[in-house]
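The values are calculated or read from the model by the stated rules, or taken from the named source; none is laboratory data. This is a predicted model, so every value here is computed, not measured. Positions of Cβ are generated from backbone atoms using ideal geometry, with glycine treated the same way; all protein chains shown enter the neighbour counts. We work out accessible area using only protein heavy atoms, side chains counted, and drop any ligands, DNA or RNA first. Shrake-Rupley method; radii C 1.70, N 1.55, O 1.52, S 1.80 Å.
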Amino acid sequence: MTASNPLMRYGRLSIALHWLMVLLIVGVYATIELKGNFAKGSEPRELLKQWHFMLGLTVFALVWLRLLARWLRPAPKPVAGATWEHVLASLMHLALYALMIGLPLLGWLTLSAAGKPIPFFGLELPALIGPDEALAGDFKELHETVGVLGYWLIGLHAAAALFHQYVRRDGTLLRMLPQRSQV
């Protein structure tokens with residue numbers, strides 16, 4: 001397989017959105033992990049929380065563009081492999097999309113139920129539900145649990161890409177890398 005064949009590669013928009021989402025998700029996780037290094041109520045902690053909310057909501061907004069791009073130009077055909085591998089890859093992609101939709105939505109619901117503002121780069125988004133302290137706690141717990149699951153899903157996705165690149169050497173990873181200009 002040659003990764004330079006356009007029918008075997010993802011489209012430019014899909015590639016750009018994939019790597020932008022990677023950076024945003026790294027930012028989402030980094031901000032929430034770094035938050036713990038600061039005292040409750042401190043300015044750096046509050047700033048990291050706000051960035052966590054805003055970056056998460058950016059993921060939520062961009063995932064819809066990503067799905068549209070995938071609908072307009074479907075993914076290239078899978079490389080050779082067993083049927084179970086293709087099914088597993090499809091399930092992983094579905095799980096990652098569910099993560100990119102579900103986690104930000106759970107965060108938005110958590111803030112809504114807690115009666116807190118939902119910041120988004122100078123705007124305040126509307127609450128999705130009315131205040132309910134018990135529900136806010138449930139949403140927060142679910143958000144955190146799914147967030148931990150996200151670490152595993154993302155790690156498995158990256159490990160599979162590296163496996164394909166360095167063990168199978170089948171060009172799967174190259175299909176999602178920006179193409180270098182030919183000199």
In square angstrom, what is the accessible area per residue of the chain with a 1.4 angstrom probe? 64
Below 8 Å between Cα atoms, with a sequence gap of 6+, how large is the relative contact order for the chain in percent? 25
Mind pulling the angle between the C-alpha long axis of helix 133-163 and the longest principal axis of the chain? Nearest 10 degrees, somewhere in 0 to 90. 20
Folded to 0 to 90 degrees: helix 83-113 orientation relative to the chain principal axis, Cα: 20
Bin width 10 Å, origin at 0, all Cα-Cα pairs of the stretch 45-183: what percent of pairs per bin? 10, 32, 29, 19, 9, 1, 0
For the stretch 4-53, the percent of accessible surface on carbon and sulfur atoms (probe 1.4 angstrom, ligands and nucleic acids excluded) is 67
Leaving out ligands, DNA and RNA but keeping every protein chain, what accessible area does PHE38 have, in Å² rounded to the nearest 10, with a 1.4 Å probe? 80
Counting only helical runs of four or more DSSP H residues, what would the 222 nm mean residue ellipticity of the chain come to if each run contributes -39,500 (n - 2.57) and the total is spread over all its residues? -23000 deg cm²/dmol
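What is the extension gain from LEU62 to ALA82, computed as 0.36 nm multiplied by their sequence separation minus the C-alpha to C-alpha distance, in nm to one decimal?
Computed gain between LEU62 and ALA82 is 4.0 nm.
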Positive dipole terminus of the chain, leading residue within SER14, GLY171, VAL148 (C-beta point charges): GLY171
By average C-beta atoms within 10 angstrom, highest first, the peptides 63-70, 47-54: 47-54, 63-70
